[in-house]
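Undergrad: Please see the structure below; I have some questions.
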Amino acid sequence: MYRRNGTAELAKLMFKNSGDAEKLKRLLIDNYSEDNLVTYLDSEDPLLGRAAGFALRLIGTSKVIPALVAALKNKDRGIRYNAEYALWAIWSQSGDDSVDAMLEDGKNLLKNEAYQEAVERFTSVIEAAPSFAEGYNQRAIAYFMLEEWSKAVRDCKQTISLNPDHFGAFAGMGHVYVRLGKVDEAIEAYKQALTINPSLVAIAETILRLRSRMPDEQN
């Protein structure tokens, strides 16, 4: 049994079953509780923290979001990385399989640059689950690609109202404000994203570039 064992056992379980995601999920659920994994996430052993973050990406629920948000500031880069991707995975779970399937369809439409069709799919997601933040976030991305700036900002704000930790929505709102020439608003949105997730290096670099273009008295 792997139950509640430490680094070697968790890492061994994950390594041996890395090629079969469904089997790995079952084994993790059978042998580790979310509380176990949250405890490991904050371990002084970075290897254990990284393994826990990856496991939570596969089986985590909204219950572990606060721990994952805190882990975005962990001193270990691997833990931060796995925490970030675990958050994205959990944020994409509405609790309704049919809604989640629509969300994935919309994401695929985005990848295929079918932006208007993506808007329509994400609108269906929102109509089915109006309190599901990721539906608004993904629609904001589609609106951004269509250069419908006001609608993109609206959906970013709605995402944040439902999920105040959504650094992606803050960053997306900053991108829109840049396109609108609203530099102060862009910097403020970017700063909010960085406050939540300090690992957003590209966002930090964008803030520096924007500030360098401002009059001296505003820097």
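Undergrad: Among the listed residues Phe167, Phe144, Phe132, identify the single one that is open to solvent by less than 70 Å² (accessible area, probe 1.4 Å) and more than 15 Å from the chain's Cα centre (by Cα).
TA: It is Phe144.
Undergrad: Return the pair list, or none, for Cβ contacts closer than 7 Å from residues in segment 50-75 that are closer than 18 Å to Leu200 by Cβ and surrounded by fewer than 17 Cβ atoms within 10 Å (Cβ to Cβ) to residues that are at pLDDT 95 or above and not hydrophobic (A, V, I, L, M, F, W, C), at least 6 apart or on different chains.
TA: Lys73/Pro198
Undergrad: So, in segment 9-49, how many residues would count as being of a type in the set (Asp, Glu) and crowded, with 16+ Cβ neighbours inside 10 Å?
TA: Of the residues in segment 9-49, 2 are of a type in the set (Asp, Glu) and crowded, with 16+ Cβ neighbours inside 10 Å.
Undergrad: When you scan segment 154-164, do you find a residue that is touching a residue at least 60 places away in the same chain (Cβ under 8 Å), among the polar types (S, T, N, Q) and at negative phi, even just one?
TA: yes
Undergrad: Given the condition at pLDDT 95 or above, under 28 Å from Thr61 (Cα atoms) and either out of contact with any strand residue (DSSP E or B) (no Cβ under 9 Å at 6 or more places or on another chain) or open to solvent by 70 Å² or more (accessible area, probe 1.4 Å) (or both), answer yes or no: does some residue in segment 176-184 qualify?
TA: no
Undergrad: Here is a further query. Across segment 189-198, what is the number of residues that are more than 17 Å from Val178 (Cβ to Cβ) and crowded, with 18+ Cβ neighbours inside 10 Å?
TA: Qualifying residue count for the region: 2.
Undergrad: With the structure loaded, tell me whether Ile79 is crowded, with 20+ Cβ neighbours inside 10 Å and under 20 Å from Thr195 (Cβ atoms) or whether it fails that test.
TA: So Ile79 passes the test.
Undergrad: Same structure, new question: Can we say Ala118 is open to solvent by less than 70 Å² (accessible area, probe 1.4 Å), among the hydrophobic types (A, V, I, L, M, F, W, C) and under 17 Å from the mean Cα position of the chain (by Cα)?
TA: no
Undergrad: OK, next. Scanning segment 11-47 for residues that are among the small types (Gly, Ala, Ser), over 13 Å from Ile59 (Cβ atoms) and within 23 Å of the chain's Cα centre (by Cα), which turns out modelled with the lowest pLDDT?
TA: Only one residue fits best here, namely Ser18.
Undergrad: When only residues in segment 95-108 that are touching a residue at least 24 places away in the same chain (Cβ under 8 Å) and open to solvent by less than 40 Å² (accessible area, probe 1.4 Å) count, which is nearest to Asn197 (Cα to Cα)?
TA: Leu103
Undergrad: Can you pull out every residue in segment 103-156 that is over 28 Å from Ile65 (Cα atoms) and assigned to a loop (DSSP other than H, G, I, E, B)?
TA: Asn112, Glu113, Ala114, Leu146, Glu147, Glu148
The values are calculated or read from the model by the stated rules, or taken from the named source; none is laboratory data. Fair warning: this is a prediction, and the values are worked out from it, not measured in the lab. So basically every Cβ, Gly included, is an ideal-geometry build from the backbone, and we count neighbours across all protein chains shown. In case anyone asks, the SASA skips ligands and DNA or RNA and just uses the protein heavy atoms, side chains included. Shrake-Rupley method; radii C 1.70, N 1.55, O 1.52, S 1.80 Å.
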